[in-house]
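What follows is a short report on a single structure.
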Amino acid sequence: MDLILGFVQSAPVELIIVQTINGIVTGMILALVASGLTLIFGIMDVVNFAHGELFMLGAYCGVVVFALTGNFWLALLTAAFLVALFGAALQIVTLRPLVGRDPLTTILATFGTSLILQNYALWQFGPVSRKIGEPITSQFTLFYLQYPWYRIAVALLSAAIIGAFYLFLKHSKFGIWIRATTQDRLMAQAMGIPVPWVLTGVFAFGAALAAASGVLFAPLGGVYHTMGLDWVLKAFIVVVVGGMGSLGGSIVAAIFISLLEAYASIWVSPAQAVIVSFVALILTLLFRPTGLFATPK
Amino acid sequence: MTPLPQPHRKTPGNVAIGPAAAFWIGFGVILALLVVAPLVLPPFWRRFLTEILIWGLLAMSSDLLIGYTGMVSFGHSAFFGLGMYGAAAALLTSDPPNLWLAILYGLAGAAGAALFVAYFSTRLRDIYFAITTLIFSQIFYVIIFTWTAMTGGENGLIFTRPRFTIPFLVDMRFTPAVMHWFVVALVAGSYLLLRRITRSPFGMVLQSIRENEARTRAIGYPVERYKIVAVMLSGLFAGLAGVLYAVQNEFAAPDFVFFITSGDAVIFNVMGGIGTLAGPIVGAGVFQLLRELLSRVFGDQFPYLIPLGMVFIVMVIFVPQGLLGFARRWLNR
C-alpha cells in the first residue's frame, strides 16, 4: 500500500498535466510523420524507409532558408515544396521501375535511398546539430514553469495540416483520383486516371508532410543527420499499432504512443521511455496483429 | 531461384564432370585459397579477408530467411549483437577466458533473442515481418544502450582475446593467423550445414512457404512453427558471426546492435544474390572492397555510402538476382 501511495505521490497532478500537453504536442508531430508514411503505404504499397530522411531533409531545408531569410513560415513552406519536388523525382527514378514487383523490393530501394540521404547530410552539413529559432517566443505560465506558446502552435498547426489534407483527399479531384487508385489500380487506369502520376503525386505529398513536420520539430529538438531515425522508427510502431494503411488509426495511435512515452518519462529517462511504446507494440501484435484500427479490405 | 538442372560440362578429355563433383572441386579450391591466404597476405589484407568472411556468415544466415523462406529480416543486428555481448560476458567473467564458453554464451544469447523476435514477428508476413523484426531489434538496442551498468552503455565492453584451446590437444596463443583459420573453418562448416539444411525436407518446406504460403498451410504443414525454427536457425548463425566479430576485434559495442547492421546484411544479400548462400559472401566481399577502394582514392572522409547506395539501388532495379545469380545465368547461356 505504501508503495502504491509513494508511486502516486511521486507524480503530482501538475506534472501529469504538463506531460499530457507535452505528449499531445509530440503526438501531433508524430501523427504528421506517420500520416505521410501511411498514405504512401496505403496507396502505393511502398514501405518508405527513407521517410525519416525526408523529415531530416525538410528540417535542413528549413535551416538553410531560415538562415537566408530569417522567416520561419517562409522556411516551412519552401522546405515542404522543395522536398515534395525531390520526393517526386525520387519516386520517378527509384520506385517507378519497381511498380508491379514484390513490395519487398521497395523496402530495399528506399533503404538504399535513406543511406544515401543520411550520408549526404553528414557530408554536407557536418555532425554538429543546428537549430532554428522559435518563431513564437512568448510563453504562458503553467503551474511552476513557463510553457512556450510555440509548442501549442505546433500541435494546432499539425492538426490543421492533417485536417486540410483529409478534406483534400475527400473532396478534391486529385483526392478522388488517389482514392480510386487505392481501390482498384487497373480499373482507375481504364477510366483514364494517369495512375503513374497519381503515385508520383502521392509520394510527393507524403514527402511534403514529412518535410513540414521536420521544420516544425526543428526549433524543439535541433537538426542533425540521424534525426530521422528516431522518428521513422516511432512512425513504424504507430503505423503497425494503428493498423497499416488506416489514416485515422495512425493519428490516434501516434497520440496514444506519445502520451504513453510522456507519462513513462516521469519515472525513467526519455531513452528508456521508448520501451513503453515497444510494449504497446508487443501487446498489439499479441492480441490484434492487424492493428487496432485496421480497415478490413 | 530454384536450382536448375545443370547440363554436364565436357572437359577436353571428354570426361563428364557432374554438377556435384564440380561443386566440390570449386569448394575445395576456394577453401584451399582461403587457408593459404594468411601465409601470403600482408596483415591488413589478412584482417580484411577475415572480416569479409565474418560479414559473409552474417549475410548467409539472413539468406536462409530472405532467399529460402521469402522473409526479409531487418532484425539480424539483434542476433549479431547478442552474439557479441554473449561472447563479451563469457570472456569477462570466466578466468582464464575461454573461447568455447564465449561461443556457447553468444549462441545462447542469439537464440534467446531469436526466439523472442520469432515468436512475435512470424505472426506477420512480408513487409509487416520486415518492419516488426526491425522494431524488435531496436528493443535490444535500447536495452543495451541504456543499461550502462551491465553493458557499458555507449562505450561497449572491451576484453582480450582468449587463448585458442582444444581440450587435451591444443593450447596456444590466438594469433591473427590462427583466428583466420578458425573463422575459415567455422564459415565453411556453416556454409555446408546451411546448404544441407536448405536441401533437406525442412528446407524444401521453407521454399514452399516462399512460393505459396497458403498452399503449404493447406497441405498441412504448420507454417508458423517452420517459420519460427527458420528464424531461430538463422539467428544462431548470425550469433556465431557476432561471436567471431567480437573475438576478432576484442570489443562489443551497441553500434552493431543498431538496425543499420541488419541493413548491411540485406545489402550483401542483394548484391551477391539471394537464395544462393555463397552469393551473400561474395556480396560482402564486393561491398567491402568497393568501400576500401573508394576511401583509398577519395580519402577517409569520403561518404562512401553515397555511391555504394546508388549501386545498391541500381542493382535492386536492374539486377535483382544479384552478382552470383547474374554470373550463373550468363554462364549457362
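No lab work stands behind these numbers, since they all come straight from the coordinates. Here the structure is a predicted model, which is why all the values come from computation and not from measurement. Positions of Cβ are generated from backbone atoms using ideal geometry, with glycine treated the same way; all protein chains shown enter the neighbour counts.
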Using the count of nearby Cβ atoms within 10 Å as a rough guide to exposure, how do B:S234, A:S269 rank from fewest to most? A:S269, B:S234
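Under 29 Å between C-alpha atoms is the cut-off here; go through the protein assembly as shown and count lysine pairs that meet it, provided they're at least eight residues apart or on different chains.
Lysine pairs meeting the criterion: 7.
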With the Cα gyration tensor of the protein assembly as shown in hand, give its eigenvalues times 5 under a square root as the equivalent ellipsoid semi-axes, listed largest first in whole angstrom. 43, 30, 24
For the protein assembly as shown, the charge dipole (Cβ of Lys, Arg +1; Cβ of Asp, Glu -1; about the Cα centre) points to a positive end, and the Cα of A:A280, B:V297, B:V187 closest to that extreme belongs to B:V187
Only Lys, Arg, Asp and Glu count, each charged at its Cβ (+1, +1, -1, -1), so figure out the dipole size of chain B about its Cα centre, rounded to 20 debye. 1140
Classify the stretch B:272-317 from the C-alpha gyration tensor, please: rounded if a/c falls under 1.5, else prolate or oblate depending on whether a/b exceeds b/c. oblate
With +1 on each Lys and Arg Cβ and -1 on each Asp and Glu Cβ, how big is the dipole of chain A about its Cα centre, in debye rounded to the nearest 20? 640
Determine by what factor the alpha-carbon radius of gyration of the stretch A:62-125 differs from 2.2 N^0.38 Å, reporting the quotient. 1.40
A:L142's amide H: which non-local residues (gap 5+, or another chain) put their own amide H closer than 5 Å, with H modeled 1.01 Å from N in plane and none for Pro or chain starts? A:Y147
Treating each Cα of the stretch B:106-200 as an identical point scatterer and ignoring solvent, apply the Debye formula and state log10 I(q)/I(0) at q = 0.19, 0.21, 0.24 Å⁻¹. -1.11, -1.12, -1.14
Of B:I135, B:W100, B:M71, which is farthest on the positive side of the dipole of the stretch B:44-258, counting Cα position, with +1 on Lys and Arg Cβ, -1 on Asp and Glu Cβ, and the Cα centre as origin? B:M71
Ranked from fewest to most other Cβ atoms within 10 Å of their own Cβ, B:I66, A:I152, B:I166 fall in the order B:I166, A:I152, B:I66
Pop a pseudo-label 7 angstrom from the Cα along the beta-carbon direction at both A:L145 and B:S94 and give the gap in nm to one decimal. 4.9
Based on Cα positions only, what radius of gyration and what Dmax would you give for the stretch B:79-153, in angstroms? 14.1, 46
Which one of A:Q183, A:Q19, A:Q91 has the biggest mean-square fluctuation once chain A is modelled by GNM with Cα springs under 10 Å? A:Q183
Treat each spin label as a single point 7 Å out from the Cα along the C-beta direction, and report the A:A67 to B:R195 distance in nm. 5.5
Pick out which of B:G285, B:G81, B:G299 has the largest mean-square fluctuation in a Gaussian network model of chain B, springs linking Cα atoms closer than 10 Å. B:G299
Run the quick spin-label model on B:L33 and A:F81: label points 7 Å from Cα toward the beta carbon, then report their separation in nm to one decimal. 5.6
Tell me whether the stretch B:191-258 comes out rounded, prolate or oblate; compute the Cα gyration tensor, take square roots of the eigenvalues as a ≥ b ≥ c, and use a/c under 1.5 as the rounded threshold. prolate
Find how many whole Å separate the alpha carbon centroid of the stretch A:204-261 from the alpha carbon centroid of the stretch B:193-217. 38
So how compact is chain B: Cα radius of gyration and Dmax in angstrom? 20.1, 68
Under a point-charge model restricted to the Cβ atoms of Lys and Arg (+1) and Asp and Glu (-1), what is the dipole moment magnitude of the protein assembly as shown relative to its Cα centre, in debye to the nearest 20? 1800
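Do me a favour and compute the ellipsoid semi-axes for the stretch A:138-297 from its Cα gyration tensor, root of five times each eigenvalue, largest one first, whole Å.
With the √(5λ) rule applied to the stretch A:138-297, the semi-axes are 33, 21, 14 Å.
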From the helices alone, meaning DSSP H stretches of at least four residues, give me the mean residue ellipticity at 222 nm for chain A, per-run term -39500 (n - 2.57), in deg cm²/dmol to the nearest 500. -25500 deg cm²/dmol
In vacuum, with every alpha carbon of the stretch A:19-228 counted as one equal point scatterer, what does the Debye formula give for log10 I(q)/I(0) at q = 0.14 Å⁻¹? Two decimals, please. -0.84
